[in-house]
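S.K.: I'd like to ask you about the structure that follows.
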Amino acid sequence: MATNFDFLKNIDKNLFEIISEAEKLYRDEYFEQCMGQTRKFGENVCKKVLGKNRTDEKTFDDMLATLKDYSNGGEEEKEFISDLYFLKKHGNSAVHSSSVKKDGINALECLKRAFEVAINYSVYNKNAGNHILNLHYDTELLVTGKKTENLADKYQKIKNQNKTKQTTSTKSSNKNKKIKKQSSVMVCKPKKKAFSIYWILVGITFVISLLIVLTLVVMLHIK
């Protein structure tokens, strides 16, 4: 099933599996467990970002404090650390809660924060392509496993459909023209009947003969 974190699969498989499990827990309505899993994800990301700068830090809090000390104060780093604190806070609350609250709203927010953390980690720590920065968390994909079409996808789909219709229409038009052309070639105009020279001569001879006969009759009558 597709997840919002598929881009992370080829960057860090271990992190991908941790956060994919969090989405699965959310779909099954285990919201507290989902938040606990996003906390685990955040802690593992924090460890990887600290890398060699990590010394004797034992808790998530300690690692976050060290990470904050190494921060240069940039907006991306501030947002990154803020998201990690959010995951820690709500993950701790979910893990230590004495009752099941079914807190789907906070669980969803944790997934969204984990998504931003994953993007930040991929681009600024793993040198992934900047195109990842354009990704957005898809709630429908989370619930159904099917990606929601954004405006660009819908535009491209409509464009392709129109292109297909235009191609089909052009082919049909060309086919009709071809049929019409063939029909016009096949239709022959009837030839005008021409009188034969033979019959013209017969007619002239008949007229002359008739005149001679009439002349003779008239002459005989006069005598």
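S.K.: Compute the accessible area per residue over region 1-124, keeping the other protein chains in place, probe 1.4 Å, unit Å².
M.R.: Working: 6540 Å² over 124 residues.
For region 1-124, the per-residue accessible area is 53 Å².
S.K.: Starting from the Cα of TYR137, step 7 Å along the direction of its Cβ; do the same at VAL217; then give the gap between the two resulting points in nm.
M.R.: Result: 12.3 nm between the two label points.
S.K.: Also: Using a Förster distance of 30 Å, how high is the FRET efficiency between SER93 and LYS47, based on the Cβ-Cβ distance and rounded to 0.05?
M.R.: The calculated FRET efficiency here is 0.90.
S.K.: I'd like to compare 61-70, 119-128: which one has the highest average count of other Cβ atoms within 10 Å, and what's the full order after that?
M.R.: 119-128, 61-70
S.K.: Hey, can you rank 10-18, 73-81 by average C-beta count inside 10 Å, highest first?
M.R.: With the highest mean Cβ count within 10 Å placed first, the list reads 10-18, 73-81.
The values are calculated or read from the model by the stated rules, or taken from the named source; none is laboratory data. Worth saying up front: this structure is predicted, and the values here are computed from it rather than measured. No Cβ is skipped: glycine too gets one built from the backbone with ideal geometry, and neighbour counts run over all protein chains shown. For the accessible areas, the whole protein counts, side chains as well, though only heavy atoms, and no ligand, DNA or RNA atoms are used. Shrake-Rupley method; radii C 1.70, N 1.55, O 1.52, S 1.80 Å.
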